[in-house]
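Undergrad: Here's a structure for you.
The values are calculated or read from the model by the stated rules, or taken from the named source; none is laboratory data. All of these numbers come straight from a predicted model, not from anything done at the bench. Cβ atoms come from the backbone with ideal geometry, glycine included; neighbour counts cover every protein chain shown. Only protein heavy atoms, including side chains, enter the accessible area calculation; ligands, DNA and RNA are left aside. Shrake-Rupley method; radii C 1.70, N 1.55, O 1.52, S 1.80 Å.
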Amino acid sequence: MKKDEPPLDFPDTLEGFEYAFNEKGQLRHIKTGEPFVFNYREDLHRWNQKRYEALGEIITKYVYELLEKDCNLKKISIPVDATESEPKSFIFMSEDALTNPQKLMVLIHGSGVVRAGQWARRLIINEDLDSGTQIPFIKRAMDEGYGVIVLNPNENYIEVEKPKIHVQSSSESADEPAEKRERKDKVSKETKKRRDFYEKYRNPQREKEMMQLYIRENGSPEEHALYVWDHFIAQSAAENVFFVAHSYGGLAFVELMIQREADVKSKVTAVALTDSVHNVWHQEAGKTIREWMRENCCNWVSSSEPLDTSVESMLPDCPRVSAGTDRHELTSWKSFPSIFKFFTEASEAKTSSLKPALTRRSHRVKHEEL
């Protein structure tokens, strides 16, 4: 016999769930101190899943709060020229993101349920905030003098309830005899009653029918990356722009390069990919892009080899090294120290390669003046 499903009515705060993050950033039960339990009610997988998703929504809002309060980032609404009534999304930026003359770091997460500031929801819930969020990257970047922009590539639409369509019943059809109308109504009511009973048995709680309203020019991760590039990154004062892109974020970056190749090459100094799912063949990245990626990108991939060990690549794009873990979602966190080292070295290499050129140019100018 099918078990009765409890109402899909969940708390909307961490306290309501009786969970809190401890001083180590781990999610723990307020009373028992235990980690999060997925199978809260046995044999009710759907209910447990819905409960997990409800907690996930709270986690998303909690991380947004940390980005603003803990990291001092500003929430910026997009599209920048949105009207009051149209669907909107947002990104997060440091105070100096557009004015910092030296360096800017741009963070892009992967696909799925994650939102701005997160690498993996599963890690936030089951491990800790450090491994699952972008906060350690943001704080270290700011300590080292970077401006920061946090993208939100999965926030592509808002959901609203579908308007109910009124269907004319037979009783509203005036030219039918009353007796025939009554008989039809009775049959249709019986059919509906029977259908509702089986529907309730099969799917205990029917949820509202929703429709998606897409956000202008931000309807996909690729569109979002392009939009933020055009309206923010391209306008920034930074001489050196650095990207950290995880999983599908890497694909979005390659797509951005295809669309804005010259601009990206002139502004971006280095790109750290973590287990990126980009494919230079499928995305039809040209030879010049592939060459640039070989010089300026590095992909930290899931591997059981020690961190930074070179890993063979089947594709002629950027170097691949081990992230020091074989868990896809952990690759960003595990390669964290190596990524900052990579950026520092890329920045120094760029500075030293510019110096001789500047010297030569100044000599030439002086010679011409003479």
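Undergrad: Using a 1.4 angstrom probe with every protein chain in place, what is the largest-first accessible-area order of Lys265, Lys341, Lys103?
TA: Descending order: Lys341, Lys265, Lys103.
Undergrad: While we're here: Suppose accessible area is computed on protein heavy atoms with a 1.4 Å probe; arrange Met293, Met210 from highest to lowest.
TA: On the way: Met293 0, Met210 80 Å².
Correct descending sequence by accessible area is Met210, Met293.
Undergrad: Taking the Cα centroid of the range 146-165 and of the range 99-116, what is the distance between the two, rounded to the nearest whole Å?
TA: After rounding, the separation between the Cα centres reads 16 Å.
Undergrad: What does the charge count around Leu273 come to, taking other residues whose C-beta lies under 10 Å from its C-beta (Lys +1, Arg +1, Asp -1, Glu -1)?
TA: -1
Undergrad: Measure up Lys265/Lys287; Lys69/Lys265; Lys50/Lys139; Lys139/Lys265 against 22 Å on the Cα-Cα distance and list the ones that go over.
TA: Lys69/Lys265; Lys50/Lys139; Lys139/Lys265
Undergrad: Determine ³J(HN,Hα), in whole Hz, for all residues of the range 64-81 in sequence, where each value follows from phi through the Karplus function 6.51 cos²θ - 1.76 cosθ + 1.60 and θ = phi - 60°; x replaces Gly and Pro.
TA: 4, 4, 5, 4, 7, 7, 8, 9, 6, 8, 9, 8, 10, 6, 9, x, 5, 10
Undergrad: For Lys350, give me every one of the aspartates and glutamates with a C-alpha distance below 12 angstrom, ignoring sequence neighbours fewer than eight places off in its own chain.
TA: Partners within reach: Glu239, Glu295.
Undergrad: Here's another thing I want to ask about it. What percent do you get for the relative contact order of the range 1-91 when only Cα pairs under 8 Å and 6+ apart count?
TA: Numbers: 69 pairs, mean separation 17.8, N = 91.
Taking the mean separation of contacting Cα pairs over the length of the range 1-91, I get 20 percent.
Undergrad: Next question, about the same structure. Local charge sum around Glu223 (other residues, Cβ-Cβ under 11 Å, Lys/Arg +1, Asp/Glu -1)?
TA: Details: positive: Arg216; negative: Glu217, Glu222, Asp230, Glu255.
Here the count lands on -3.
Undergrad: Calculated FRET efficiency, Glu261 and Asp70, Cβ-Cβ r, R0 41 Å, to nearest 0.05? Numbers along the way, then the final one.
TA: Details: r = 36 Å, r/R0 = 0.89.
With a Förster radius of 41 Å, E is 0.65.
Undergrad: Ignoring ligands, DNA and RNA, how do Val113, Val241 rank by accessible area with a 1.4 Å probe, largest first?
TA: Most to least solvent-accessible, the answer reads Val113, Val241.
Undergrad: Using the Karplus equation 6.51 cos²θ - 1.76 cosθ + 1.60 (θ = phi - 60°), what ³J(HN,Hα) coupling, rounded to whole Hz, does each residue of the range 302-317 give in order, writing x for Gly and Pro?
TA: Coupling constants for the range 302-317: 5, 6, 7, 5, x, 3, 6, 5, 5, 10, 4, 10, 7, 9, x, 10 Hz.
Undergrad: Can you work out the Karplus-derived ³J(HN,Hα) for every residue in the range 248-256? Use 6.51 cos²θ - 1.76 cosθ + 1.60 with θ = phi - 60°, whole Hz, and x for glycine or proline.
TA: Karplus-based 3J(HN,Hα) across the range 248-256 equals 5, x, x, 5, 4, 5, 4, 4, 4 Hz.
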